[in-house]
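Below is one structure, written out as structure tokens, with a few remarks after it.
The values are calculated or read from the model by the stated rules, or taken from the named source; none is laboratory data. Quantities reported herein were computed from a predicted structural model and do not represent experimental measurements. In this analysis, Cβ positions are derived from the backbone assuming ideal geometry, glycine residues included, and neighbour counts consider all displayed protein chains.
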Amino acid sequence: MSAGFHARAAANIAFLKYWGAIDLDRVVPANASLSMTLSVCASTCWIGSPGGNEDEILRHDGVSFVAAEGSFRSRIAAHLDRLRSRFGVDRPLRVLTRNAFPAAAGLASSASGFCALSAAAAAALGHPAEGAALSELARRSGSGSAARSAFGGFVRWPAGDVDPEGAAPDDSELPAAPVTPANHWDLADVIAIVDDGPKTVSSLDGHRRAVTSPHFRARLEAMPDRMRRAVDAVRARELDALGPLIEADAIELHAVAMTSSPPIHYWRPATVAVLERVRALRETGVPAWATMDAGPNVHVIAPHDRSGAIAQALAGVDGVQRVIEDRVGGPPVVREGSPAGWPA
Ligand code: PMV
């Protein structure tokens with residue numbers, strides 16, 4: 001048995017979000033997206049050699065490592081096949097994966113999980129990858145947002161412009177790229193958990209249905225200008241300029257989801273209550289701006305030194321089950337061997 005490699009990658013929160021694809025199988029997004037890589041919400045994955053000739057895939061259930069099952073296992077197995085064929089290496093792998101997300105938080109872990117898996121697998125198969133190369137491998141997992149977790153700090157993932165023949169661009173044109181590193185701006189993501197269950201509709205189905213919304217085109221047309229202004233605001237560290245763009249984009253994504261066919265309603269009453277509390281905080285001079293992914297939980301973006309007070313305010317909103325304080329973080333880390341204490 002080899003010592004293998006392990007990788008830790010953090011989740012990211014999109015300021016301007018990926019919603020809808022030109023080519024969903026190849027994960028070519030219809031619009032560019034912009035995100036902040038986090039630090040607490042992260043995944044660690046170790047990959048080495050199994051005892052026998054079959055892949056072994058285990059996930060941590062909060063107590064110990066157990067055999068992965070169902071669609072969770074099949075998505076990982078499919079990505080291992082993809083990576084083996086990319087590198088022309090045909091050997092079975094043993095995979096152990098664990099999320100550092102607070103248990104039952106109802107937060108999507110596919111971005112950090114697939115980015116960590118891609119980094120550990122690439123190293124274990126003898127083709128270590130970081131930066132743009134890792135972004136490209138992680139994107140092909142099917143979770144497009146994983147492409148952005150290949151970098152720390154503030155990250156932009158470009159759109160797939162359709163060429164005149166109507167073909168999607170080359171894969172090589174699609175890696176995410178850093179806008180500024182993590183130490184550029186100490187922002188917090190204060191996450192109000194209003195529902196800790198699994199998503200009612202997957203983001204994959206959301207991307208698929210997005211094009212059926214009468215508002216999909218309008219959002220796409222607004223994106224290039226919104227992206228320019230958001231990138232400028234990140235570079236200049238101007239939250240007053242960035243915040244309204246973040247909130248507008250999230251509300252528009254959910255408007256597209258709610259008007260898709262069939263419609264998707266991710267919000268819960270407490271989602272709206274948290275949005276109201278964030279607006280009330282701003283009226284008292286607190287620079288805090290809300291965003292929601294494909295789910296009911298609310299991420300509040302604010303200067304890190306306001307994180308504690310905002311967390312306290314959000315914890316008092318009816319229907320909020322718990323609050324997680326996260327902040328901007330660095331790129332994935334890959335190391336030889338297994339993490340201390342793992343039964344690799
Ligand atoms: O990475 P996916 O395919 O799960 O899609 C991500 C969708 C959003 O989280 C809603 C937006 C984003 O850009 O992260």
Just name the residue that is surrounded by the most Cβ atoms within 10 Å (Cβ to Cβ) out of those in segment 264-311 that are acidic (D, E) and over 23 Å from the mean Cα position of the chain (by Cα).
E276
Somewhere in segment 257-275, is a residue out of contact with any helix residue (DSSP H, G or I) (no Cβ under 7 Å at 6 or more places or on another chain) and polar (S, T, N, Q)?
yes
Show the residue pairs that are 6+ apart or on different chains and have beta-carbon atoms under 8 Å apart, the first residue being within segment 62-74 and over 19 Å from A344 (Cβ atoms) and in contact (Cβ under 8 Å) with a residue 12 or more places away in the chain, the second being not polar (S, T, N, Q) and not in a helix (DSSP H, G or I).
F72/R59
Looking only at segment 26-74, which residues are assigned to a helix (DSSP H, G or I) and of a type in the set (F, W, Y)?
F72
Identify, by number, the condition in (1) touching a His at 6+ places or on another chain (Cβ under 8 Å); (2) in contact (Cβ under 8 Å) with a residue 60 or more places away in the chain that F114 doesn't meet.
(2)
Quick check on my filter: what residues within segment 75-122 are polar (S, T, N, Q) and either in a helix (DSSP H, G or I) or surrounded by fewer than 23 Cβ atoms within 10 Å (Cβ to Cβ) (or both)?
S85, N99, S109, S110, S112, S118
Which residues, counting only those in segment 184-238, are more than 14 Å from the ligand (Cβ to nearest atom), part of a helix (DSSP H, G or I), in contact (Cβ under 8 Å) with a residue 40 or more places away in the chain and basic (K, R)?
R235
Specify which of the listed residues (S135, S110, S71, S143) is modelled with pLDDT of 95 or more and hydroxyl-bearing (S, T, Y).
S135
